[in-house]
C-alpha cells in the first residue's frame, strides 16, 4: 500500500551556548506500508535549510531510521534507550556522530499517525546538542483540486 499524505514536522534543536532553534514544516509526501513497517518520504524545503534533499523515515517496530539523500547525506537510527553511531556527510566533509535516543514513540497505521523522537547528538564522544522532533501524518485529501477553479 502506498498513498499520498500530508506530513507535518516540528523540530527543536538545542545546542550548548545557543538559543533553541525551532522549525515547522508541512508538506506533501508519500507513505508506504509493507507488513507492519511504514516508510514516509518527502522533499525538504528551503525552510529547513536542506532544499533538494529527499528525507525518508522508516518505522519498523521499536526502531525508526531517518535517511537523507541530497547535498547533505545522513542516516540516523533511533531506538529508545540506545546509542547508535551514524555518519553525517556535508559539503565540508564526513563526520561520525553518536545518536542517543531518550524517548521514541511511533504510532502509525494505514490512515497516518505520529512519531516523536527526543535524542542527543554526540561529536567526538561529547554531547553537542539535543533535538526533539514530532511528525504527524494524515491522508492527503483527494478531489479538492477539481473544486479550486
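Coordinate-derived values only; no laboratory data. Only a predicted model underlies this, so the values are computations on that prediction, with no experimental measurement involved. We place every Cβ from the backbone using ideal geometry, glycine too, and count neighbours over all the protein chains shown.
For the chain, adding -39500 (n - 2.57) for each run of n ≥ 4 DSSP H residues and dividing by the number of residues yields -500 deg cm²/dmol at 222 nm.
If you run the Gaussian network model on the chain, springs between alpha carbon atoms under 10 Å, then out of 106, 126, 96 the most flexible one is 126. By the Stokes-Einstein formula, at 0.692 mPa s and 37 °C, the stretch 19-91 with its Kirkwood radius over alpha-carbon pairs has D equal to 242 µm²/s.
Multiplying the residue separation of residue 60 and residue 32 by 0.36 nm and removing their Cα-Cα distance gives an extension gain of 8.9 nm. Only Cα sites of the stretch 60-102 enter the Debye sum here, all with the same form factor; the resulting log10 I(q)/I(0) across q = 0.29 1/Å is -0.99, listed in q order. To the nearest Å, what is the center-to-center distance of the stretch 47-76 and the stretch 86-117, using C-alpha atoms only? Answer, in whole Å: 7.
With neighbour counts taken as other beta-carbon atoms within 10 Å, the residues 15, 88, 119 rank, fewest first, as 15, 88, 119. Of (1) 29; (2) 48; (3) 21, which is the value of percent of Cα pairs over 25 Å apart derived from the coordinates here? Read-out taken from this structure: (1). Spacing of the modelled spin labels on residue 23 and residue 92, each 7 Å from Cα toward Cβ, amounts to 1.6 nm.
Among 14, 56, 39, the largest mean-square fluctuation in a Gaussian network model of the chain (Cα springs under 10 Å) belongs to 14.
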